[in-house]
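Trainee: The structure under discussion is supplied below as structure tokens; questions concerning it will follow.
The values are calculated or read from the model by the stated rules, or taken from the named source; none is laboratory data. Only a predicted model underlies this, so the values are computations on that prediction, with no experimental measurement involved. Reconstructed Cβ throughout: ideal geometry from the backbone, glycine too, with neighbour counts over all protein chains shown. Remember, those area values only see protein heavy atoms, side chains included, never the ligands or the DNA or RNA. Shrake-Rupley method; radii C 1.70, N 1.55, O 1.52, S 1.80 Å.
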Amino acid sequence: MKSLRQVATMCAFIGALGGGASAVAAVSETPDGGKEATKDIVLKGDAKCTRCHDESDNPKLLAIGKTRHGTIADSRGPTCTSCHGDSEKHLTSPEGGQDRPHPDRYFGKNSITPIEERNTACLTCHEKDSKRSHWMGSTHQSRDVACSSCHQIHTAHDDVRDKRTQPDVCFTCHKEQRTQISKPSHHPIPEGKMGCSDCHNPHGSVGPKLMTRDSVNDTCYTCHMEKRGPFVHTHEPVAEDCSNCHNPHGTTAENLLKARPPFLCHQCHTPHGGQVAQLTGQRQSSALLGGTTSGKSGINYTMARGCLNCHTQVHGTNNPSTTNPTPQFNFR
Amino acid sequence: MSPLDGQFGIKKIIALAAVAVFGPAHAEDDAADMAQLTKPDTATVSVGAAAVSGDSKNRSLFGQYNGLRKDDAYLLLDLDYIKRDDATGIWTILEGRDLGLNTREVRFLQQRQGDWKYYGEYSELVRYYPRTINTSLQGAGTTTPTVTLLPVRGTGQDVDLKTERKSVSLGGEKWITPNLMFEATFKNEDKDGARIFGRGFNCPSGTAPTPACTALAAGANQWAILLLPEPINSTTRQFEGKLTYVGDKLALTAGYYGSFYINDNGSLNPTVVGNLNNPLGNPLGQNGSVPLTAGLRGILQLPLALPPDNQAHQFYLSGNYAFTPATRATFKLGYTHATQKDDFASSGLTGAPAGVSNYGGVVNTTLAQLGLTSRPLPKLSLNASLRYEDRKDESPQAQYNIEGVNTFTNGTYSLKKTAAKLEGSYQLPANFRATLGVDYESMDRGQFSSPECIDLGDGSCLGDSVAGISGLRAKTDETGYRAELRKSISDTLSGAISYVHSRRDGSSWLMPNALPATGVTALSDSAIFNRTGIFPMIFMDRTRDKVKALADWSPIDRLSLQFTLEDGKDQYTAPTQKGLRDTAMGLYGVDVTYAVSEAWKLSAYYTYSEQTLHVSHSTGYIADLKDRNSTAGISLVGKPTGRLEVGADLLYINDRNIYAQTLDQLASAANAAFLAQSGGLPDVTFRDLRLKLFGKYALQKNADVRVDIVHDRQKLNEWTWESNGVPFAYSDNTTVGLNPNQNVTFVSVSYIYRWR
């Protein structure tokens, strides 16, 4: 009986050892009393980091495994120290001691790692990409914006790379645009159908204001190509810069216009007609009544489409007609 | 003593035996948990239903783009499939968003990291014009609408305009060698629908002298303004191919970008049947007037040109070069050949100059850009860039403009634009960085310097006439100076403050020569030719001053505050007393983020902005326009229990546009009396209060139920289409309206199931 019990005990113990091997064999004690992992958890060579930063410490860090960075089959892929540095002081500091030094490179909000050094970690791999060829000297680079200011690495969902959540990241700094996109006339950004990066390349570009294409107009034409022309009768400020008249982020006036006609048009054109802006339902004097019977009345160039009620082809017209009324004033 | 107790500790034996049996299962659970933390593989379906309150007019602002305007109930369907083969590194991704709505998107991608990638996307987007048209127009949205006078305003049919975009994108990339990559993308987008458009004309008119538009014997004018929706049936195609070489120092991309616009519609050809209303809203022909004249009817029925087909082809080289790790250059050289040769006749457009079948439009643009960054000293960084763009409009000229006996050519638009920047940054103690910069921009529109003309062979030379403008300018130059102080690295306080000052001036103003002469004449400012004309604001001298400040403060770990301030003013001058005077903007805001606990996070913000614009109108009044906007938001997200996640988001917008008009000494008595009596233009106000609530409950480990509630209250009071209860009516009694107070409640319930 005694021997049977001993055998049973031994079998149970061996079974326990076998069953629990996968659970406990990854960690063993080091001479200094710390934990030493013998197996990587998520990235190649991460064992020295994940001996502490494992699922019980901060499971969210391991989410890097869900990303392109965590694709082990890609030989270019990083390990922890590729971005955070070798960090010997951080690694060898005794456990339980106070004020463990930070890693050589860290990216949190209160990090004192110089911005350029943080960005070097990313650019070592990511500058080999035509989309980031103009990063150096770009507005964000020269204003000390870190890659990690916008990008989240230890997560499966990087907010800035999803057009539904991207604007909120940009609004961290760009407050003016935050107030504009919810105005009645807007691009479908609040609806999650467009993101800031549909028009802007935050990594640098040749165009002004970090436009994705080489100019404001070329960027607008990617969706509004009907405005490109050239037309028989050109409206020159249109061909020069769409933002002469439009604010693409949002306006209360229709069609993303910076101001309503006639006020918009009166910034360039001497108006015809001698009336102040007028509305239906306002009592006009007899002296102005004649004005209301004219096509150029104060009501006609204030209400509805304003000046465009007649000068409808404001972007230019390809109408070649040489018969009256000739289209050069954008009537047709 | 328990029967389970024994000499060795039978309990221990049982415990060890239990580990022997269940140990492997426990290890498997651990492995599964670890996979959940580190593997991207997921297959998720979210299916649900949504209901929206009100009707489509009450949802016109809320439902502009989100596909929730027309119906009261919707199917919600999203799906996600992600699989990564760890052995090969091949990703397979399938995403479907809003599959039950007309804003659906589907994306499929396969990629072997570091080797190849290909993807396909399909997306739909519908934009509903928020206002409803009430009309008797037949064929609205077609190329041949028919206009008839609606007897009583407001009794026509309601027409809602929309534009639908459906796009297909394909793309791929391949690393041919470790240093050479090829990428290609193609996008085809079909756009269909209609948008608000129209025409109007006044008889008699200088642009339509007799006999086309005859003055009435009684001396009364006839005019008509019609709403004619522009029919949209077009396709845009974009293709881009790039070959990129990446070496140790050089990264170079050679690329081609082609873009093509095809419009199925060439012209809009309305028919006007019967009579129209006079300017006072009564049918023409009453009180001594005459019904719609043949002359005006004929003008209203002339074809309106719709956007022509056009193409552009760009070839470019771009990239960067690292002279040293601290000195790098970026560059781009590009050439674009754009054409527009849409046949006039097949577009339904007649009357072209003899021998001209299409415009023959050609615009060639050369772009060159060079940038240099360097760190000559450890603490000093320099940044310089130069960009030159030369747009040459080489479209042929022909006699397109004829007014009576005067003939003119078409105009073309060429532009040379140069932009340069030089900036130096120096790292100061305590993590401060100071930056000084100079920016320069020059625009040379050259063509106004001498009139181009067609030699008629009889000694005369037809040129480009300039009309509709008081003055032109061939060149403008702007130089700006920038100073900035920044602190990016800090435990508690970081931020930046900058100041920009720039001045723009240019070459001599050019006076358009009086008809029948063509071209322009340069005049000095002292030889003012029109003190009451408005000179285009894009040419005017301008002085700009702007301050911008941003501060991030974290007094404690859990609390973060951000303060924003922007203030700027542009002042404009030209040799005139009229026109744009100045514009200004100010923005002031605060953002707060507070981690209430590990499970709860609170954020809030408030921003106030004001924009002003002063324009002196040449007929005696000054427009003082202001846009005042307050936007505030508060958001709370948290997990009250391990299974429940909740969130609330409140947004408030208060926007007021003020259209003040004051009079100067040139104002007429009638204008003065009118402003005194009417008070001028009312403010345009927009308010939005939007509450979003969500709750997500984990039914089990791989299944959730989610409830979303949105309550949106929008108020838009504008006088564009109606004022004091009186609508603006087109000559056929068409009116356009918007429900000014729109309250919408959206409720959805979704079931989310995940497979692993």
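Trainee: Given (1) in a loop (DSSP other than H, G, I, E, B); (2) surrounded by fewer than 15 Cβ atoms within 10 Å (Cβ to Cβ), where does residue A:89 come up short, assuming only one miss?
Mentor: Looking at each condition in turn, residue A:89 falls short on (1).
Trainee: Right, next: From the residues in the range A:283-298 that are in a loop (DSSP other than H, G, I, E, B) and surrounded by fewer than 24 Cβ atoms within 10 Å (Cβ to Cβ), which one is modelled with the lowest pLDDT?
Mentor: Within the range A:283-298, the first condition is being in a loop (DSSP other than H, G, I, E, B), and the residues that meet it are A:283-285, A:293-298.
Checking the rest, the ones that are also surrounded by fewer than 24 Cβ atoms within 10 Å (Cβ to Cβ) come to A:283-285, A:293-297.
Values: A:283: 75, A:284: 69, A:285: 63, A:293: 59, A:294: 63, A:295: 65, A:296: 69, A:297: 76.
If we take residues in the range A:283-298 being in a loop (DSSP other than H, G, I, E, B) and surrounded by fewer than 24 Cβ atoms within 10 Å (Cβ to Cβ), then A:293 is modelled with the lowest pLDDT.
Trainee: Follow-up. Only one of these conditions is not met by residue A:249: (1) assigned to a loop (DSSP other than H, G, I, E, B); (2) modelled with pLDDT of 95 or more; (3) open to solvent by 40 Å² or more (accessible area, probe 1.4 Å); (4) on the phi > 0 side of the Ramachandran plot. Which number is it?
Mentor: Unmet for residue A:249, out of (1) assigned to a loop (DSSP other than H, G, I, E, B); (2) modelled with pLDDT of 95 or more; (3) open to solvent by 40 Å² or more (accessible area, probe 1.4 Å); (4) on the phi > 0 side of the Ramachandran plot: (4).
Trainee: What's the total number of residues in the range A:95-148 that are over 28 Å from residue B:560 (Cα atoms) and of a type in the set (Lys, Arg)?
Mentor: Total meeting the criteria: 3.
Trainee: Spot the failing condition for residue B:582; the list is (1) touching an Asp or Glu at 6+ places or on another chain (Cβ under 7 Å); (2) farther than 30 Å from residue A:271 by Cβ, and only one is missed.
Mentor: Just one mismatch for residue B:582, condition (2).
Trainee: Here is a follow-up. Anything in the range B:197-231 that is at the interface with another protein chain (Cβ under 7 Å from one of its Cβ atoms), at pLDDT 80 or above and assigned to a loop (DSSP other than H, G, I, E, B)? List them, or say none.
Mentor: B:197
Trainee: So which residues in the range A:299-326 are modelled with pLDDT of 85 or more and either open to solvent by 20 Å² or more (accessible area, probe 1.4 Å) or not in a loop (DSSP other than H, G, I, E, B) (or both)? So that I can check it myself, show each step before the final result.
Mentor: Residues of the range A:299-326 that are modelled with pLDDT of 85 or more, as a first pass: A:299-322.
Listed by number, the residues that qualify are A:299, A:305, A:306, A:307, A:308, A:309, A:310, A:311, A:314, A:315, A:317, A:322.
Okay, residues lined up against (1) within 31 Å of the chain's Cα centre (by Cα); (2) closer than 30 Å to residue B:601 by Cα:
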residue: B:495; (1), (2): yes, yes
residue: B:505; (1), (2): yes, no
residue: B:512; (1), (2): no, no
residue: B:516; (1), (2): no, no
residue: B:531; (1), (2): no, no
residue: B:537; (1), (2): yes, no
residue: B:546; (1), (2): yes, no
residue: B:575; (1), (2): no, no
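Trainee: Right, next: Would you pick out the residues in the range A:97-131 that are over 25 Å from the mean Cα position of the chain (by Cα) and under 16 Å from residue A:80 (Cβ atoms)?
Mentor: A:100, A:101, A:102, A:103, A:104 - these are the residues of the range A:97-131 that are over 25 Å from the mean Cα position of the chain (by Cα) and under 16 Å from residue A:80 (Cβ atoms).
Trainee: Something else about it: Checking the conditions here, which among B:660, B:676 is at pLDDT below 95, more than 24 Å from residue B:585 (Cα to Cα), open to solvent by 20 Å² or more (accessible area, probe 1.4 Å) and among the small types (Gly, Ala, Ser)? Before the answer, list the steps.
Mentor: On the way: B:660 fails: more than 24 Å from residue B:585 (Cα to Cα).
Testing whether each residue is at pLDDT below 95, more than 24 Å from residue B:585 (Cα to Cα), open to solvent by 20 Å² or more (accessible area, probe 1.4 Å) and among the small types (Gly, Ala, Ser) leaves just B:676.
Trainee: Restricting attention to the range A:45-82, which residues are more than 10 Å from every other protein chain (Cβ to nearest Cβ), closer than 11 Å to residue A:154 by Cβ and open to solvent by less than 40 Å² (accessible area, probe 1.4 Å)?
Mentor: A:80
Trainee: Still on this structure, I have one more. Pick from B:260, B:315: which is away from chain A (no Cβ under 11 Å), closer than 26 Å to residue B:340 by Cα and open to solvent by 20 Å² or more (accessible area, probe 1.4 Å)? Talk me through it step by step, then tell me what you get.
Mentor: Details: B:260 fails: away from chain A (no Cβ under 11 Å).
When all the criteria are applied, what remains is B:315.
Trainee: Still on this structure, please answer the following. When you scan the range B:390-415, how many residues do you find that are assigned to a strand (DSSP E or B) and either open to solvent by less than 30 Å² (accessible area, probe 1.4 Å) or within 7 Å of another protein chain (Cβ to nearest Cβ) (or both)? Please lay out each step first, then the result.
Mentor: Just the residues of the range B:390-415 that are assigned to a strand (DSSP E or B), to begin with: B:390-393, B:401-403, B:406-408, B:415.
From what is left, the residues that are either open to solvent by less than 30 Å² (accessible area, probe 1.4 Å) or within 7 Å of another protein chain (Cβ to nearest Cβ) (or both) are B:390, B:393, B:401-403, B:408, B:415.
Looking only at that region, the number is 7.
Trainee: Still on this structure: Suppose we filter the range A:209-224 for residues that are part of a helix (DSSP H, G or I) and either open to solvent by 50 Å² or more (accessible area, probe 1.4 Å) or assigned by TED's automatic domain parsing to the domain that holds residue A:331 (or both); how many remain?
Mentor: Of the residues in the range A:209-224, 2 are part of a helix (DSSP H, G or I) and either open to solvent by 50 Å² or more (accessible area, probe 1.4 Å) or assigned by TED's automatic domain parsing to the domain that holds residue A:331 (or both).
Trainee: For the range A:105-204, give me every one of the helices (runs of 4 or more DSSP H) that falls completely inside it and has 1 or more residues that are more than 8 Å from every other protein chain (Cβ to nearest Cβ) and free of Cβ contacts under 8 Å to residues at least 60 places away in the same chain.
Mentor: Details: elements: A:115-126, A:139-142, A:147-150, A:166-170, A:175-180.
Helices (runs of 4 or more DSSP H) meeting the threshold: A:115-126, A:147-150, A:166-170.
Trainee: Look at the range B:675-687 and say how many of its residues are facing another protein chain (nearest Cβ under 7 Å) and closer than 19 Å to residue B:725 by Cβ.
Mentor: Filtering the range B:675-687 for residues facing another protein chain (nearest Cβ under 7 Å) gives B:675, B:677-678, B:681, B:684, B:686.
Still in the running and closer than 19 Å to residue B:725 by Cβ: B:677-678, B:681, B:684.
Here the count works out to 4.
Trainee: Using beta carbons and a limit of 6 Å, which pairs, at least six apart or on different chains, have the first residue in the range B:688-705 and open to solvent by less than 70 Å² (accessible area, probe 1.4 Å) and the second one not in a strand (DSSP E or B)?
Mentor: B:698/B:643
Trainee: Quick check on my filter: what residues within the range B:417-444 are in a strand (DSSP E or B) and small (Gly, Ala, Ser)? Spell out how you get there, then give the answer.
Mentor: Initial filter on the range B:417-444 (in a strand (DSSP E or B)): B:417-427, B:432-444.
If the condition is that a residue be in a strand (DSSP E or B) and small (Gly, Ala, Ser), then B:419, B:420, B:424, B:425, B:434, B:437, B:442 are the ones that fit.
Trainee: Sticking with this structure for a sec: Looking at the range A:25-44, is at least one residue open to solvent by less than 50 Å² (accessible area, probe 1.4 Å) and modelled with pLDDT of 90 or more?
Mentor: Looking for residues that are open to solvent by less than 50 Å² (accessible area, probe 1.4 Å) and modelled with pLDDT of 90 or more, one finds at least one in the range A:25-44, hence yes.
Trainee: Right, something else. In the range A:228-244, how many are in contact with a Phe, Trp or Tyr (Cβ under 6 Å, 6 or more places away or on another chain) and in a loop (DSSP other than H, G, I, E, B)?
Mentor: Our first condition is that a residue be in contact with a Phe, Trp or Tyr (Cβ under 6 Å, 6 or more places away or on another chain); within the range A:228-244, this holds for A:228, A:232, A:234, A:236, A:239.
Those still in the list that are in a loop (DSSP other than H, G, I, E, B) too: A:228, A:232, A:234.
Summing the residues that are in contact with a Phe, Trp or Tyr (Cβ under 6 Å, 6 or more places away or on another chain) and in a loop (DSSP other than H, G, I, E, B) in the range A:228-244 gives 3.
Trainee: Scan the range B:353-371 for residues that are open to solvent by less than 30 Å² (accessible area, probe 1.4 Å) and either within 16 Å of residue B:261 (Cα to Cα) or out of contact with any His (no Cβ under 9 Å at 6 or more places or on another chain) (or both) and report the count. Before you say what the answer is, go through the steps one by one.
Mentor: Restricting attention to the range B:353-371, the residues satisfying the condition of being open to solvent by less than 30 Å² (accessible area, probe 1.4 Å) are B:353, B:359-365, B:367, B:369, B:371.
Filter once more, so that each one left must be either within 16 Å of residue B:261 (Cα to Cα) or out of contact with any His (no Cβ under 9 Å at 6 or more places or on another chain) (or both): B:353, B:359-363, B:367.
Within the range B:353-371, residues that are open to solvent by less than 30 Å² (accessible area, probe 1.4 Å) and either within 16 Å of residue B:261 (Cα to Cα) or out of contact with any His (no Cβ under 9 Å at 6 or more places or on another chain) (or both) number 7.
Trainee: Please go through the range B:710-748 and pick out each residue that is open to solvent by 30 Å² or more (accessible area, probe 1.4 Å), of a type in the set (S, T, N, Q) and either within 13 Å of another protein chain (Cβ to nearest Cβ) or touching a Lys or Arg at 6+ places or on another chain (Cβ under 7 Å) (or both).
Mentor: Passing the criteria: B:717, B:724, B:739, B:741, B:743.
Trainee: Then there's this: Do any residues in the range B:155-168 that are closer than 24 Å to residue B:735 by Cα have Cβ atoms under 8 Å from those of residues that are open to solvent by 50 Å² or more (accessible area, probe 1.4 Å) and aromatic (Phe, Trp, Tyr), where the two are at least six apart or on different chains, and which pairs are they?
Mentor: none
Trainee: Of all residues in the range A:161-177 being out of contact with any strand residue (DSSP E or B) (no Cβ under 7 Å at 6 or more places or on another chain) and buried (at least 20 other Cβ atoms within 10 Å of the Cβ), which is farthest from residue B:608 (Cα to Cα)?
Mentor: Ranking the candidates gives A:166 first.
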